[in-house]
Amino acid sequence: GMSKGAKVSFKITLTSDPKLPYRVFSVPESAPFTAVLKYAADEFGVESDSSAILTNDGVALNPSQTAGAIFLKNGGDLKLIPRDKVGAI
């Protein structure tokens, strides 16, 4: 196989739902993280352009990085928060 096909895995939890559902996504590390955000938001039925991805420490991620860069820096355990819930916690 080609080495550029390396993938990273993210477990993304929807924190606005009391049941804390999560999805695991495996994406090419070169994929833009905006695509991961959009895919996760679609899976949870929330608006991607009004959602934020946070680390477990509650730090909002800038999605204009590659999935690989985000994984290296923050690991694969992330949270998705619809923005209408941000600040309402």
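Helix 33-44 axis versus longest C-alpha principal axis of the chain: approximately 50°, rounded to the nearest ten.
What percentage of the solvent-accessible surface of the chain, computed with a 1.4 Å probe over protein heavy atoms, is contributed by carbon and sulfur atoms?
Numbers: 2960 of 5440 Å².
C and S atoms contribute 54 percent here.
For the stretch 1-77, the solvent-accessible area with a 1.4 angstrom probe is 60 square angstrom per residue.
Taking the Cα centre of the chain as origin and charging only Cβ (+1 Lys, Arg; -1 Asp, Glu), how large is the dipole, in debye to the nearest 20?
220 debye
The values are calculated or read from the model by the stated rules, or taken from the named source; none is laboratory data. Model, not experiment: these values are computed from the prediction. Cβ coordinates were reconstructed from backbone atoms using ideal geometry, including for glycine residues, and neighbour counts include every protein chain displayed. To get the accessible areas, we keep the full protein, side chains included, count just its heavy atoms, and leave off ligands, DNA and RNA. Shrake-Rupley method; radii C 1.70, N 1.55, O 1.52, S 1.80 Å.
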